[in-house]
Every structure is written in structure tokens, then in C-alpha cells.
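The values are calculated or read from the model by the stated rules, or taken from the named source; none is laboratory data. All values derive from a computational prediction rather than experimental measurement. When we count neighbours, we look across all protein chains shown, and the Cβ atoms used for this are built from the backbone with ideal geometry, even at glycine. Note: accessible area is taken over every heavy atom of the protein model, side chains too, but ligands, DNA and RNA are not part of it. Shrake-Rupley method; radii C 1.70, N 1.55, O 1.52, S 1.80 Å.
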Amino acid sequence: LFPGAMVAVALLGVVLVFVARDQRADLAPQGDPGLEDHWHSAYEFYVCDAVFPAVFEDDSRDDRTGIHTHGDGLIHIHPFVSTVTGQYATLGAFFNENQTEFSDEQIELPNKVLVSEGDFDCDGEEAEIRVLRWNTLAAEKPAIFSENLSDIRLNENGQLFMFAIVAKTLDDEDIPRPDDSYLRQYLGLAPDQQPLGEGDGD
């Protein structure tokens, strides 16, 4: 009976492997970006009434996931792992990789200053955090988000993001579109010519 029992155990193991693989496939993130994609988005910060003149430092050396920056004002989106593909490729994933605070109530600026709603004002008026997203370079109007900010999707190549900390009464139309000139230049290059960061070599 021993040989028969060993064969049964082996067959059971094979069946369990296939079942587990199917379950992982069912749970895998759906949609783009995938592990084969290499996308880029531009971002800026707008504080009260002016563009904040700083970007995040290069965090690519210790990158664990593939959504990072090279200190060039771009979000580089080429997932290394499936946990940041599809619907899980989000602004939250970028800020988490950057080890920077980001939520509906708090946002950390590139100079390490942590801004919290309720403790920050613009000319004496209570401020709030908004994210404006132009989904393509050709988009004329942005989508505006004021909640669930970390879940905002990185679901197109060439998106623009403005992280705005502004007075609650400020109209969305008064928040400017990010400068997209470097992103347009970057996307116009062949993939093998795209520098890792502005001013870097191939």
C-alpha cells in the first residue's frame, strides 16, 4: 500500500499547486499598467497661491516595487511586482515607495515639511488637500479629488498631477496645470534614449 499512498500524495500535491495558481490568477490585479509597461507622469505641488519649487529626490536606488522617481519631477511607472499593477498602481503606492506621508488629511512636501489639514492655512483661511489629474497630455480639464487620494489610479501614460494645498474656498479653475514640457520631451524620445533623470545620460 505504501507505493500507492505515495502516488496519491504526489497527485494531491500537483492538484493543490494548480488550484493555488488559479486562485492567485483570480486575485491578480486587472488592467494596466502591467509588468511589461513603462509609463511616466509629471507632477507639481501648488501651495496656497504658487507652485512649490521642489520635487522629490531620487528614490530609485532602493526601489522595491517599480513606481518611483529619479528626482526629475516625473513618476516612473514600470512595476517590478504584481502588487503595484492594475488597480493597485496608485498614488499611494508611489508615496509609499518614496516613504513620504500622503493621505486625505496629510501630505509631505519634497522639503520634508508635513502639511496637515486643520493645522495649515492660506492667508488666514483653512486649507485643504486636493489632487487634480489630467488623464492625458491632451486633456483640457482635470478630474478633481479631495478624498481617497491614495487610491487615485496611475492608469495612463502621460498623466499630469497637481498636488494642491489651497484655501477651501479657492475655485478649482484657479489651480494651474502642471508644466508638461519636460514630460513631452521625455515621452518623445525612443525608450532606449530616455534618461533616468533630467540631465542624466542614457
R0 = 45 Å: FRET efficiency of residue 193 with residue 50, Cβ-based, nearest 0.05? 0.85
Could you list which residues have their amide H under 5 Å from that of residue 56, counting only those 5 or more apart in sequence or on another chain, with H placed in the peptide plane? 73
Calculate what fraction, in whole %, of the accessible area of the range 81-202 sits on carbon and sulfur atoms when a 1.4 Å probe is rolled over the protein chains. 41 percent
For residue 101, distant residues with modelled amide H under 5 Å away: 108
I need the phi-derived Karplus couplings for the range 86-101: 6.51 cos²θ - 1.76 cosθ + 1.60, θ = phi - 60°, integer Hz, Gly and Pro marked x. x, 5, 9, 7, 10, 4, x, 5, 5, 5, 5, 5, 7, 6, 10, 5
Just the projected area, averaged over all directions, of the convex hull on the alpha carbon atoms of the range 109-202: how many nm²? 7.7 nm²
Would you kindly give the portion of the calculated P(r) for the range 32-177 that falls above 28 Å, as a percent of all Cα pairs? 14 percent
